[in-house]
């Protein structure tokens with residue numbers, strides 16, 4: 001974290017907190033929080049009793065599940081980044097332990113990996 005100035009870290013923390021709040025708001029629009037920390041379950045809509053209604057319910061639920069997974073995974077990354085900020089190891093690659101370039105951390109504050117490790121891990 002030595003490569004990032006304190007004022008930059010403050011701005012990054014603000015970005016991460018704002019992103020966290022946005023993700024939680026988006027998740028709350030179509031899902032509910034479970035007892036597990038930062039875990040959500042998509043809500044199932046009841047549109048009616050016809051076959052068409054049932055088919056639409058299933059399709060909408062599948063779409064909600066997919067979106068919930070993407071948003072939840074993103075939220076977990078943001079929460080991890082905030083935790084690393086608090087612990088003092090923010091900006092270090094979780095694979096190789098090297099410092100992630102500050103330009104990457106500013107552009108993608110929730111980055112867990114340097115570009116080389118991310119490509120190697122194919123994530």
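So how many residues does region 50-64 have that are farther than 12 Å from residue 26 by Cα and surrounded by 14 or more Cβ atoms within 10 Å (Cβ to Cβ)?
The total comes to 4.
Among (1) at positive phi; (2) assigned to a helix (DSSP H, G or I), where does residue 103 come up short?
(1)
Take the conditions farther than 23 Å from residue 123 by Cα, modelled with pLDDT of 90 or more and either surrounded by 11 or more Cβ atoms within 10 Å (Cβ to Cβ) or within 16 Å of the chain's Cα centre (by Cα) (or both) and apply them to residue 26. Does it pass? Before you say what the answer is, go through the steps one by one.
Values: farther than 23 Å from residue 123 by Cα: yes; modelled with pLDDT of 90 or more: yes; either surrounded by 11 or more Cβ atoms within 10 Å (Cβ to Cβ) or within 16 Å of the chain's Cα centre (by Cα) (or both): yes.
Yes.
Got at least one residue in region 87-98 being assigned to a helix (DSSP H, G or I) and surrounded by 17 or more Cβ atoms within 10 Å (Cβ to Cβ)? Break it down into steps so the answer makes sense when it comes.
We begin by selecting, within region 87-98, every residue assigned to a helix (DSSP H, G or I); these are 87.
Then keep just the ones that are surrounded by 17 or more Cβ atoms within 10 Å (Cβ to Cβ); that gives none.
No: zero hits.
Is it true that residue 66 is closer than 24 Å to residue 123 by Cα, in a helix (DSSP H, G or I) and free of Cβ contacts under 8 Å to residues at least 12 places away in the same chain? It would help to see each step written out before you state the result.
On the way: closer than 24 Å to residue 123 by Cα: yes; in a helix (DSSP H, G or I): yes; free of Cβ contacts under 8 Å to residues at least 12 places away in the same chain: yes.
Spelling it out, residue 66 is indeed closer than 24 Å to residue 123 by Cα, in a helix (DSSP H, G or I) and free of Cβ contacts under 8 Å to residues at least 12 places away in the same chain.
Restricting to region 102-123, and then to whatever is closer than 13 Å to residue 3 by Cβ and touching a residue at least 60 places away in the same chain (Cβ under 8 Å), can you tell me which residue is surrounded by the most Cβ atoms within 10 Å (Cβ to Cβ)?
Top of the filtered list is 105.
The values are calculated or read from the model by the stated rules, or taken from the named source; none is laboratory data. Predicted model only: the values in this text are computed from it and were never measured. All Cβ positions, glycine included, derive from the backbone under ideal geometry; neighbour counts span all protein chains shown.
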